[in-house]
1. If residue B:253 satisfies all but one of (1) in contact (Cβ under 8 Å) with a residue 12 or more places away in the chain; (2) more than 30 Å from residue B:41 (Cα to Cα); (3) in contact with a helix residue (DSSP H, G or I) (Cβ under 8 Å, 6 or more places away or on another chain), what's the number of the condition it fails?
2. Taking the stated definitions as given, is residue A:33 part of a helix (DSSP H, G or I) and either more than 20 Å from residue A:202 (Cβ to Cβ) or away from every other protein chain (no Cβ under 14 Å) (or both)?
3. Quick one: in region A:1-11, which of the residues that are surrounded by 16 or more Cβ atoms within 10 Å (Cβ to Cβ) and modelled with pLDDT under 50 is nearest to the other protein chains (Cβ to nearest Cβ)?
4. Quick check: is even one residue across region A:12-21 within 16 Å of ligand 2 (Cβ to nearest atom), surrounded by fewer than 19 Cβ atoms within 10 Å (Cβ to Cβ) and in a strand (DSSP E or B)?
5. Can you find even one residue in region A:89-107 that is away from ligand 1 (no atom under 16 Å from the Cβ), in contact with a strand residue (DSSP E or B) (Cβ under 6 Å, 6 or more places away or on another chain), under 30 Å from residue A:224 (Cβ atoms) and not assigned by TED's automatic domain parsing to the domain that holds residue A:238?
6. So, residue B:197, is that one more than 14 Å from every other protein chain (Cβ to nearest Cβ) and part of a helix (DSSP H, G or I) or not?
7. So which residues in region A:190-199 are more than 16 Å from ligand 1 (Cβ to nearest atom) and at negative phi?
8. How about region B:163-194: which of its residues are in contact (Cβ under 8 Å) with a residue 40 or more places away in the chain, within 14 Å of chain A (Cβ to nearest Cβ) and over 21 Å from residue B:119 (Cβ atoms)?
Ligand SMILES: Nc1ncnc2c1ncn2[C@@H]1O[C@H](COP(=O)(O)OP(=O)(O)O)[C@@H](O)[C@H]1O
Ligand SMILES: [Mg+2]
């Protein structure tokens, strides 16, 4: 067991993993490959099955079906203590009766390593808390406990480090700071990190690859930019940032583009950005990608006319507008305050324009509110 | 008293001026203890050095500061003293061996039966101590459910009886004091966050190592509390020896009982009581020091 952490290396592969509880599947036929050495974020609203997935990888929960591999080693039925996997628990779960030093040394000692001092000192240095070695966990602040939990896991150099909302209990400022540090530490030690979070900003800033989970399934997986710019479902479009979704119909095809009719006005969208199943689409455009001009201005690109500003909020770097369109829908627009032009006023008639490459088209039969904050908070 | 001063200081930081509240809250308790504990103790101490009055009247004693009472009392009941501590130790170990798995199962494995099981552990307390001890005598007796099977299995000879023996006294004490052991054990095991146990597994500790390195150390306050709560009353007990024992299983409690109520030899009874108290105090001080749980008491 002494070489548990070195014997199996490679990509983590979940194959058709299901975890059933009495009446529903917490994780539902989920397949996933995580590249060795990557920073992977498992993102999703509370209750979507993130912790359950992580616990199955750690061996704390047994999958109802499916298999888990690290490299070529099948670890599906291994006991937690046999797996080259370590976890930073949601509540840290430090050993209250042991000193910080002994907490960090725990994993090494269990694997029969006698001389732990230099490794423990290095781990303490890595998390910048060498002066706390003799304290007990309850004498530490939340942020310090969090770092010790990280040091206690990292010292074992596992093939895979699992982090379950490790920053959840910290205040915003400390959280942002720890996000940067975690990312730095991951680069430094070069281990595969699987980071679970329900905070989309956290996932986007830290991870190389983000998997967005919903109801026990992976909704979409890719780089943060890919997920943001090219969402494949309403859930993804609404969960990551904000989206304006407008009912439309594909009426024509023009080279690489579809021509879409939005309540009588024609716009275009890249075919590669369309996941429509038939002519009916939800046409999506991010609020910050929209340009807003007085009705009489003339701008090329995609244009929607006939808007009227119903609300203006000035927030320093940007101005947020609510624009009511002729068909009654309100569209959100974020304008950078970088052009020296004073913001438009409530009641002004406006037109909206954007570069065609910034828009996307989703299956028109989906519920346009899926994944929005209103739905998530329920 | 250090914690009192700390508490007073903390109160200061809220109100900005010295607070007498912590001391006032202590008054009723202090008054109660002075009247019903300290005064009687002083009285007992005074009694322990008295000698028979010149009148020769039975039960009448005068203060002569006769410290040799202690020496005589000890020399006369050395054997019962030793027996008290041996029986109490055996009963405590037996109770620990029975209670630990029981408390562990209730805390970690009982699911929704947890509360019911805790009530069942305490249930014997709903009947009187005396009654339970007499019941134990019936259970171990000739027609009870224990002797028959043991004889059938040839674990004891056909003539052997279980009552009126050291075995009956020790098991009786174990039975009587079992909840004192189980409850603190359960309380400290139940307080353990199961995630710390998962963390141990995650950090390469198998089931047994997790128990040795995490579960047991975290339950140590319960072990110490339970053993003290069992050992102290067991060492001073005389009911079990009186009902379940024979003349050669007498404990120091029985000697005190007979000196006090039968022979009305108050000074000897008082001296024995003091020595028992001192012995218990010394033992538990050493015990708490050794187990490293001073801060928990
Ligand atoms: N032991 C369990 N028994 C029954 N349901 C459970 C159990 N553990 C988790 N669940 C349910 O499974 C779903 C997913 O839980 P979890 O993986 O903890 O979600 P997340 O970590 O994404 O918030 C939730 O609806 C939760 O209530
Ligand atoms: Mg969770």
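The values are calculated or read from the model by the stated rules, or taken from the named source; none is laboratory data. Predicted, not measured: the structure shown is a model, and the values here were computed from it. Here the Cβ is made from the backbone with ideal geometry for all residues, glycine too, and neighbour counts use every protein chain on show.
1. (2)
2. Answer is no for this residue.
3. Only one residue tops the list, namely A:4.
4. yes
5. No, region A:89-107 contains no residue that is away from ligand 1 (no atom under 16 Å from the Cβ), in contact with a strand residue (DSSP E or B) (Cβ under 6 Å, 6 or more places away or on another chain), under 30 Å from residue A:224 (Cβ atoms) and not assigned by TED's automatic domain parsing to the domain that holds residue A:238.
6. no
7. A:191, A:192, A:193
8. Listed by number, the residues that qualify are B:192, B:194.
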